[in-house]
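See structure below.
The values are calculated or read from the model by the stated rules, or taken from the named source; none is laboratory data. Predicted model only: the values in this text are computed from it and were never measured. All Cβ positions, even for glycine, are placed from backbone atoms using ideal geometry, and neighbour counts span all protein chains on display.
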Amino acid sequence: MDTKKIAFITCVNNPQEYAEALYYIGRQNVPKGYTTETIHVEEAPGMAAGYNAAMRESDAKYKVYMHQDVFLVYPDFIAEMLAVFERNADIGMLGCIGCDVLPLHAQAVTAWNVGRIHHNCIPAHMDCRQNADRKPVYVEALDGLLLATQYDVAWREDLFDGWDFYDISQCFEMRRAGYRAAVPYQEHVWCYHDNAYSKMGNYQTYCDRFVDEYQDIKPFEHLVMRESKKEFDALREASREAMKRLVDAGDREELCRIFSEEENRGYLHLREFEVFARIDAAQRCAGENRFWTEGDTCESLTEKLADLRFALKRIEYGADPDLTAERIEARYGRCAADVVAGAYMWKLC
């Protein structure tokens, strides 16, 4: 075990997102005497399995398990993480967002109340409870967007073989091993989470597995998922597929018509499509044709949007001194830059 090494571990299925995550990891100020490594796992059957494989591969004492869409915008994250672990031998795992009490129905996603994060939701940031004395807040559950550990405890890939509840489970596995989970004080927000719409189709299945497994710790209860909730989730997926077909067909008129109606705006699962429509409408008014061009597909537009968003985020966080608003506008046009800045830059949201 190398006690002076930090491993950054990520399951990857989107190279564009991961390349941007690596950019921010590369900007970290590494304390003297320490080294870092990055490990990415492709084609993992589930998050827990991917993390176990990487954990066995690395001899680093400190491991930072990150989603591919998490950008470490605070360059002194490593130093602050190490300081927390060195002062608190009882903390096995820390994260950016958590809940001090996990509800008995185990739906952590509805209970986050500790920590800070910038993200792509509405509003564009979470500023929850932190200790006034700047000490870590002990929690029962952490959001898996970033989980840093100083002890190796196996992830439960036997139960959580997908992409949900591996993080909540790991908090309780740490507890079983005699360690605690915590959210450290963040004077400066550590991470920007470039999260998109999350599919929740299997969430309840893994929640039920969690409830059954950890009865020895808390008397968790199964939550019956209403049929109306299942129907709503199915409708969201159907509406996304319909928007994709419109974009692939190049039907800008219909897409713009849909989002011209107020009741169709502001939905997270349709956010990128609404942004496409707003850019196209603005470009038409300004006589520009720099972003959505002839022959673009939903896939190519999504990549363009990510590239533009990443560039604007680098400016927002002062992460690239050579990048200017003028250079961005020269590539994508003023209209696209203005729309995307208004939609995704947290200081404007």
Task: Residues within the range 322-349 that are over 25 Å from the mean Cα position of the chain (by Cα) and not in a helix (DSSP H, G or I), tallied - done: 3
Open item on the list: Suppose the filter is aromatic (Phe, Trp, Tyr) and either touching a helix residue (DSSP H, G or I) at 6+ places or on another chain (Cβ under 6 Å) or over 20 Å from residue 188 (Cβ atoms) (or both); does residue 77 pass it?
Closed with: no
TODO: Search the range 191-214 for residues that are farther than 19 Å from residue 65 by Cβ and at pLDDT 95 or above and pair each with any residue that is of a type in the set (Asp, Glu) and loosely packed, with under 14 Cβ neighbours inside 10 Å when their beta-carbon atoms are under 7 Å apart and the residues are at least 6 apart or on different chains.
DONE: 211/221
Task: Residues (within 17 Å of residue 104 (Cα to Cα) and charged (D, E, K, R)) located in the range 162-172 - done: 167
TODO: Inspect the range 248-269 for any residue being touching a Cys at 6+ places or on another chain (Cβ under 6 Å) and not assigned by TED's automatic domain parsing to the domain that holds residue 75 and give the result as yes or no.
DONE: yes
Task: Candidate set from the range 33-82 (those that are touching a residue at least 24 places away in the same chain (Cβ under 8 Å) and among the basic types (Lys, Arg)); member that is surrounded by the fewest Cβ atoms within 10 Å (Cβ to Cβ) - done: 61
- [ ] Starting from residues that are of a type in the set (A, V, I, L, M, F, W, C) and closer than 23 Å to residue 176 by Cβ, keep the ones in the range 83-94 and report whichever is surrounded by the fewest Cβ atoms within 10 Å (Cβ to Cβ).
- [x] 89
Open item on the list: I'd like to check something: does the range 10-20 contain any residue that is crowded, with 20+ Cβ neighbours inside 10 Å, more than 20 Å from the chain's Cα centre (by Cα) and not in a helix (DSSP H, G or I)?
Closed with: no
- [ ] Pull up the range 257-269, narrow it to residues that are surrounded by 17 or more Cβ atoms within 10 Å (Cβ to Cβ) and free of Cβ contacts under 8 Å to residues at least 40 places away in the same chain, then point me to the one that is nearest to residue 196 (Cα to Cα).
- [x] 259
Task: Unmet requirement for residue 79, which otherwise passes all of (1) part of a helix (DSSP H, G or I); (2) in contact with a strand residue (DSSP E or B) (Cβ under 9 Å, 6 or more places away or on another chain) - done: (2)
- [ ] Could you list all residues from the range 55-76 that are among the acidic types (Asp, Glu) and in a helix (DSSP H, G or I)?
- [x] 57
- [ ] Of all residues in the range 182-208, count the ones that are crowded, with 18+ Cβ neighbours inside 10 Å and under 25 Å from residue 29 (Cα atoms).
- [x] 10
Task: Lone qualifier among 133, 127, 90, 100 - being within 16 Å of residue 189 (Cα to Cα) and among the charged types (D, E, K, R) - done: 127
Open item on the list: Pull out all pairs, ordered by first then second residue, where Cβ-Cβ is under 6 Å, the residues are six or more apart or on different chains, the first lies in the range 1-19 and is assigned by TED's automatic domain parsing to the domain that holds residue 58, and the second is among the polar types (S, T, N, Q) and surrounded by 14 or more Cβ atoms within 10 Å (Cβ to Cβ).
Closed with: 6/36; 7/58; 8/38; 10/68; 12/68; 14/68; 17/68; 18/68
Open item on the list: When you check residue 276 against the structure, is it assigned by TED's automatic domain parsing to the domain that holds residue 232, at pLDDT 95 or above and over 23 Å from residue 22 (Cα atoms), yes or no?
Closed with: yes
Open item on the list: Given the criteria of a type in the set (Gly, Ala, Ser), in a helix (DSSP H, G or I) and free of Cβ contacts under 8 Å to residues at least 12 places away in the same chain, does residue 238 qualify?
Closed with: yes
- [ ] Would you check if residue 210 is farther than 24 Å from residue 106 by Cβ and of a type outside the set (A, V, I, L, M)?
- [x] no
Task: Condition check for residue 51: among the hydroxyl-bearing types (Ser, Thr, Tyr) and either outside any helix (DSSP H, G or I) or modelled with pLDDT under 95 (or both) - done: no
TODO: For the range 192-207, enumerate the residues that are in contact with a helix residue (DSSP H, G or I) (Cβ under 8 Å, 6 or more places away or on another chain) and either in a loop (DSSP other than H, G, I, E, B) or of a type outside the set (Phe, Trp, Tyr) (or both).
DONE: 194, 196, 197, 199, 200, 201
Open item on the list: Checking the conditions here, which among 282, 343, 319, 306 is surrounded by 15 or more Cβ atoms within 10 Å (Cβ to Cβ), of a type outside the set (Asp, Glu) and touching a Cys at 6+ places or on another chain (Cβ under 6 Å)?
Closed with: 282
